[in-house]
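The values are calculated or read from the model by the stated rules, or taken from the named source; none is laboratory data. What you see is a predicted model, and the numbers here were worked out from it, not measured in a lab. Backbone-built Cβ (ideal geometry, glycine too); neighbour counts: all protein chains shown.
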Amino acid sequence: MLLHWRAMKTLQHVGLGVAVVVATLVTGGYGGWMVDWAAGDTATVTVDSCYAHYGRQENQQVRCEGYWHRRESLDLADGPVVGVHVKPRFALVDPSLDPQPLGYLISPDSYDGTAFAVLDGDAAVVVPAAGLVLGPVGLAALLTCGLAFVLLTRRDARRPPAGPSGLMRPPAGDTELRKAVGEFKPAPPA
């Protein structure tokens, strides 16, 4: 079955457009840290301590503190670290002690000691492992799809127009396709 030339090109453009939108969403959702990295607002954070406490309505919450070096001045900064992965069944150092101002001290074996983080004011926000992988992959896919879209569009602009019926012209030696399109002319009798 022969497709109309314009319909084929429209399907290719729509497919590439959808791929560009998906790649943009993946890059934006998981790769926002890359902008901060380029601006110098990222650091490797050392998690010093984590505390468990019960917030409003008795929901268990975990707060972590840590320190990091600022890239521009190499000064040591410390503060809250948001997004540290703490094991679901963490152990407390000594639950019989009175809680510290931030809560009960969690054993260092229950959380990661270092993490890659984006600096946000006086706090550090840990970048999840999925973001470290999917951010650059999404950016590469976005650039590849965008380049393919531009190349396909430029190639279509330079391509000669289709035949009179709007269908793509079949190769010169294929008489069956030429008959179907109506371009077949039998050889004159000798």
Against the definition (farther than 16 Å from G138 by Cβ, in contact (Cβ under 8 Å) with a residue 60 or more places away in the chain and buried (at least 18 other Cβ atoms within 10 Å of the Cβ)), how does A23 come out, yes or no?
no
What are the residue pairs meeting all of these: first residue in segment 81-99, first residue farther than 12 Å from A52 by Cβ and modelled with pLDDT of 85 or more, second residue surrounded by 10 or more Cβ atoms within 10 Å (Cβ to Cβ) and small (G, A, S), Cβ atoms under 6 Å, and 6 or more apart or on different chains?
V81/G66; V81/A124; V82/A123
Return a yes/no flag: does segment 53-70 have any residue that is assigned to a helix (DSSP H, G or I), out of contact with any Pro (no Cβ under 9 Å at 6 or more places or on another chain), over 18 Å from T114 (Cβ atoms) and modelled with pLDDT of 80 or more.
no
Subset of segment 44-73 (residues that are over 18 Å from D98 (Cα atoms) and surrounded by fewer than 13 Cβ atoms within 10 Å (Cβ to Cβ))
T44, R56, Q57, N59, E72, S73
Please pick out the residue among V127, V133, V137 that is modelled with pLDDT of 80 or more, surrounded by 16 or more Cβ atoms within 10 Å (Cβ to Cβ) and either of a type outside the set (A, V, I, L, M, F, W, C) or within 29 Å of D36 (Cβ to Cβ) (or both).
V127
Being closer than 22 Å to G28 by Cβ, among the charged types (D, E, K, R) and exposed (fewer than 14 other Cβ atoms within 10 Å of the Cβ) narrows it down to one of D94, D120, so name that one.
D120
